[in-house]
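Have a look at the structure below before the remarks.
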Amino acid sequence: MTREVERLLLSHARASIAARLGLEVQEPDHIHSLERMGCFVTLYKAGKLRGCIGCIQAVEDLEDQVREYACLAAFEDYRFAQLRPEELEGITIEISLLSPLRRVSSYREFKAGEMGIMMSLHGRKAVFLPQVAKETGWNEIQMLMALCQKAGLDQESYKDPAASFWTFTAHVFGEEDEM
């Protein structure tokens with residue numbers, strides 16, 4: 001992934017949010033021949049999480065996914081109010097491009113800070129991107145406990161023999177990198 005493609009993907013994310021807010025937008029150039037992969041778009045305001053939406057596995061063209069998830073992070077993340085036009089200038093965007101999921105036999109194979117993790121148990125799923133460990137300072141056990149809570153499960157559910165785990169890595173870049 002070249003730095004120019006990263007810049008274009010970030011431009012597409014910002015342009016899609018601006019357009020949805022009804023602001024005048026100059027459309028970035030189309031990006032040709034991008035590999036399909038899962039991605040997340042994360043919004044920050046004053047360094048704090050303001051929205052994050054994505055998909056672990058590719059569902060459409062990467063450029064289209066980035067545009068869609070940027071809008072979903074801005075307007076549909078249930079943890080936050082919808083982004084208002086006056087907030088856009090203070091928002092920074094980060095994109096995480098994900099490697100394919102790798103099924104692991106146990107939670108013990110997970111390395112916080114190096115890998116993202118997805119857990120599934122009793123029809124409930126939750127995921128954390130690799131950078132969550134660095135942002136929170138959590139170790140493996142703290143991440144697993146928080147992952148269980150995020151899935152609506154008891155925080156020790158990661159020990160359940162029926163729990164399934166997948167790990168992945170992420171190529172992360174953002175507008176902060178430009179400063």
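Every number here is computed from the coordinates shown, using simple stated rules; none is lab data. Since the model is a prediction, treat every value here as computed from it, not as a measurement. Here Cβ is always computed from backbone atoms with ideal geometry, including for glycine, and neighbour counts include all displayed protein chains.
Observations
- Of all the residues in the range 40-96, those that are on the phi > 0 side of the Ramachandran plot and among the hydroxyl-bearing types (Ser, Thr, Tyr) number 0.
- Matching residues, the range 76-93, being under 23 Å from Met37 (Cα atoms) and buried (at least 16 other Cβ atoms within 10 Å of the Cβ): Asp77, Thr92, Ile93
- Some residue of the range 128-139 being free of Cβ contacts under 8 Å to residues at least 40 places away in the same chain, over 20 Å from Lys48 (Cα atoms) and not aliphatic (A, V, I, L, M): yes
- For the criterion of being touching a strand residue (DSSP E or B) at 6+ places or on another chain (Cβ under 6 Å), at negative phi, crowded, with 20+ Cβ neighbours inside 10 Å and of a type outside the set (D, E, K, R), Ala112 fails.
- Subset tally (residues that are over 22 Å from Ser11 (Cβ atoms), small (Gly, Ala, Ser) and assigned to a strand (DSSP E or B)) for the range 80-125: 3
- Restricting the range 85-104 to residues that are in contact (Cβ under 8 Å) with a residue 60 or more places away in the chain and over 16 Å from the mean Cα position of the chain (by Cα) leaves a set whose member that is nearest to Lys159 (Cα to Cα) is Val104.
- Residue check, Leu153 more than 21 Å from Met37 (Cβ to Cβ) and in contact with a helix residue (DSSP H, G or I) (Cβ under 8 Å, 6 or more places away or on another chain): no
- Count of residues meeting criterion [surrounded by 16 or more Cβ atoms within 10 Å (Cβ to Cβ) and over 15 Å from Phe128 (Cα atoms)] in the range 43-57: 3
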